[in-house]
Amino acid sequence: MDFTVTPARKPKVYEEVVRQIEELIASGALRDGDRLPPERELAQLFKVSRNSVREAVFALENRGLVVSKVGAGTFVRGAEQDLIDPLARAIEQQRQRLHEIFEFRLLLEPQIIGLAALHVSGEQLQELEALVAAQEARIAEGLPWGDLDSRFHRLIVQASGNQVLCKVFQQLDAILDEVRDETLQTASRARESLATHQRIVEALRRGDPEAASREMEDHLIGVEEAKDRS
């Protein structure tokens, strides 16, 4: 044979205590918030040493099944809490991810639009104006407009004339769309976005890189502030 195995062994005493308490929790005999008997009583019930009980409780805590409170005892943690903690961590991780996307955009997009102000074509300006008009119409009707926002920013990158930037943003489109989630597009945010898009187009039409960069920076900061309020 070309594989190895670990010799079978009898479980340690505390592992048997852990197994039985897990079964009691799974069966509902022990429920969320129930207090476990004191250490001495558990040792008597399981006919083991108090040290084995301490090891078992430590193992159960590591598995998230019980929680020890100083001066109060050891309590069962319900399945609901087991779900809530990972969910809270996931939400916090998502918030951090969105903030990092914001930092990325704030670093690059004001510079990109500065290039766009120097290189944008008449045809691209017309398309940007059409997108803003479509955004205004959708907002008036209470319809989603996140896809128009995505196309607006993508076109500005194209207008910069820098093919490397175009390829970078093309690869990142799916990630950047996370900050365009419709849940962030409140009525007040929609009006703010429309107004800044209009000012951005005006700055591009004037060929004013500084004004265009400033408007883009204000626009992105507005998006981040809206996210923080949500």
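Being closer than 18 Å to LEU107 by Cα, of a type in the set (Asp, Glu), at pLDDT 95 or above and over 22 Å from the mean Cα position of the chain (by Cα): is that true of GLU202 here?
So GLU202 does not fit the description; no.
Can you tell me which residue in region 119-173 is nearest to GLY222 (Cα to Cα), limited to those that are assigned to a loop (DSSP other than H, G, I, E, B) and aliphatic (A, V, I, L, M)?
Across region 119-173, the extreme among qualifying residues is LEU143.
Go through region 132-164 and count every residue that is at positive phi and in contact with a Leu (Cβ under 9 Å, 6 or more places away or on another chain).
1
Quick one: what pairs do we get from region 11-38, first residue in the same structural domain as SER49 (by TED's automatic domain parsing), second hydroxyl-bearing (Ser, Thr, Tyr) and modelled with pLDDT under 85, C-beta under 8 Å, 6+ apart or different chains?
As it stands, the answer is none, since no pair meets every condition given.
Which residue is surrounded by the fewest Cβ atoms within 10 Å (Cβ to Cβ), if the candidates are limited to region 158-184 and must be of a type in the set (Val, Ile, Thr) and modelled with pLDDT of 80 or more?
Of everything passing the filter in region 158-184, VAL164 is surrounded by the fewest Cβ atoms within 10 Å (Cβ to Cβ).
Run down VAL132, VAL120, VAL164 and say which single residue is in the same structural domain as PHE102 (by TED's automatic domain parsing), free of Cβ contacts under 8 Å to residues at least 24 places away in the same chain and not small (Gly, Ala, Ser).
When all the criteria are applied, what remains is VAL164.
The values are calculated or read from the model by the stated rules, or taken from the named source; none is laboratory data. Since the model is a prediction, treat every value here as computed from it, not as a measurement. Heads up, the Cβs are rebuilt from the backbone with ideal geometry, glycines too, and the neighbour counts pull from every protein chain shown.
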